Amino acid sequence: MAVRDGLVAWLGSDDVGRHQFPQAEVIDLEGSLVTPAFVDSHVHVTETGLCRTGLDLRPATSARHCLQLIADYAAAHPGEPIRGHGWDESGWSDGPALDTTALDAVVGDRPAYLSRADVHSALASTALRNLVPGLPAGIDAQAPLSGDEHHLVRAAAGTLLTAAQRAEARVAALDAAAAAGIVAVHECAGPDIGGADDWQELRALSQGGHGVEVIGYWGEPVRTATQAHALIEATGAHGLGGDLFVDGALGSHTALLHEPYADAPGCTGVCHLDTDAVTAHLWACTQAGVTAGFHVIGDAAVASVVAALERVVEKFGVAAVARCGHRLEHLEMVDAEQAAKLGSWGVIASMQPVFDALWGGEGGMYAQRLGAERAAGMNPFALLASQGVPLAFGSDSPVTSLDPWAAVRAASHHHTPGRAVSMRAAFAASTRGGWRAAGINDGITGTLVPGAPASYAVWENSMLAVEAPRDTVQRWSTDPRARVPALPVLEAGVSPRCLRTVHRGVVLHG
């Protein structure tokens, strides 16, 4: 491959290349694998960095273990507020025993904010709760907080972070992305996530030359085209969507369902935006020619958004809606009729395959929350693809790790038969799909063909498919016309090591 001025200038055999470009600098990759670089279609950069630089609770195997991790961190950082992420009681042997009393016992009078894995609920110490004057007096003083109360506590915890901590976290997150072969991320920002200051600071870092491209979405509803234009101008965001919450998450019992949770009878989740509000936002954004989008997980939430989209299609027509590239984030509970409509309207599904790897299966969190029958229908990648819904894959980091190969493997090894897509389709959704979701439809970005941006990753060659046992080989065409590289063997829990990441000809890592 020859690169000139940030573009792929030529591809072919080594001997021809050396003859055709005799004055070029030659970099011998010694048989390493070169692929198009990845795009992560849904991240939270600052939170990802805080998880890397602070308290990571994802390794916790029990409530007791989780509390020990908190106690160890508190001892190592005396006098500081505590911020942690990642506990998930659905896989613990000793059950959901985390409460405010248990937390206070290890942190004392220090403010502590510990978000659940899905970041839709959090455990907060009494000291932190006391910093939130708007927290309703009647809420459970012991249980993790969700919904509006969680947003209030999250905002209060954010004020305890210093500018230096936030800056360090952002750099750590983008460095980690580059080290994973990722050259662009879709930041899902908003007033209920990191807030305007956090987004503008991240935007300044990206524009200041970090290298990893940050494409921002601002999750705030509007009701008129004028408001949509004004908000895009004020934020500099690419679209008004991302985590614009219609509902919450299954793990926190806040995803909006038609029928109650299997493990919480009488609970059907939380509705943050009703169908009328969703319709108004879509109407305004479509009229303004702006990408809209929503965080939508539960089946009732999906039904609400599809109904709203139908109203907007009837008003403006399919072409006007499709031109905007509206997005649905997560879209975990969608049926065949809804998928067909979304495909016909050009709506993009921004999904996280590792959710199924973590929480799918007979004994997984989905089955606990929904029962086996409903859980089996989660994350239907093949259904959406078959109906022409464009797929873009991401991590929702820090909910799952910045590991795009894990997403490729998870999408092609779904827990439920018939729900998976091919390795080739999963890789495309993790590369070209992310660019398409951001409105880049030139047909070459995200591939390695002459004229394409030289955005690629180099991978250690020890895991190439040609070296793998026959039953694990995933053979792809190596014909350059296919725009698809050879595929590494993707074993569970093991991803290829990235040796170099390059974006538009500039080395970001390695």
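Tabulated data
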{"quantity": "Length released on extending from residue 373 to residue 141, taking residue separation times 0.36 nm less the Cα-Cα span", "calculated": "80.1 nm"}
{"quantity": "Stokes-Einstein D (µm²/s) once Rh is taken as the Kirkwood radius of the chain over alpha-carbon pairs, at 4 °C in 1.567 mPa s", "calculated": "55 µm²/s"}
{"quantity": "Cα centre as origin, Lys/Arg/Asp/Glu Cβ charges: the chain dipole, Debye", "calculated": "1140 debye"}
{"quantity": "³J(HN,Hα), Karplus 6.51/-1.76/1.60, whole Hz, each residue of region 413-428, x for Gly, Pro", "calculated": "10, 4, 4, 9, x, x, 9, 7, 10, 5, 4, 4, 5, 5, 5, 4"}
{"quantity": "Net charge, residue 375 excluded, C-beta distance under 11 Å - Lys, Arg +1, Asp, Glu -1", "calculated": "-2"}
{"quantity": "Segments 340-351, 19-30, 499-510 sorted - mean Cβ within 10 Å per residue, highest first", "calculated": "340-351, 499-510, 19-30"}
{"quantity": "Residue-wise HN-Hα coupling along region 349-354, computed from phi with Karplus coefficients 6.51, -1.76, 1.60 (Hz; x: Gly, Pro)", "calculated": "9, 9, 10, 10, x, 5"}
{"quantity": "Residue 497 long-range amide H proximity, modeled H, under 5 Å", "calculated": "460"}
{"quantity": "Other-chain or far-sequence residues with amide H under 5 Å of residue 245's (modelled H)", "calculated": "295"}
{"quantity": "Spatial separation of Cα centroids for region 411-464 and region 492-506, in angstrom", "calculated": "13 Å"}
{"quantity": "Contour minus Cα-Cα distance for residue 494 and residue 413 (0.36 nm per residue)", "calculated": "27.7 nm"}
{"quantity": "HN-Hα J in Hz across region 48-55 - Karplus 6.51, -1.76, 1.60, θ = phi - 60°, x for Gly and Pro", "calculated": "4, x, 5, 5, 7, 8, x, 9"}
{"quantity": "Residue 8 long-range amide H proximity, modeled H, under 5 Å", "calculated": "451, 452, 454"}
{"quantity": "Distance between region 32-62 and region 288-335 - C-alpha centres, whole angstrom", "calculated": "28 Å"}
{"quantity": "Sequence-separation-based contact order of the chain, relative, with Cα cut under 8 Å and 6+ spacing, percent", "calculated": "18 percent"}
{"quantity": "Loop GluC sites (Glu not before Pro), region 171-256, which have at most 13 other Cβ atoms in a 10 Å radius of their Cβ (DSSP)", "calculated": "none"}
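Coordinate-derived values only; no laboratory data. Model, not experiment: these values are computed from the prediction. We place every Cβ from the backbone using ideal geometry, glycine too, and count neighbours over all the protein chains shown.
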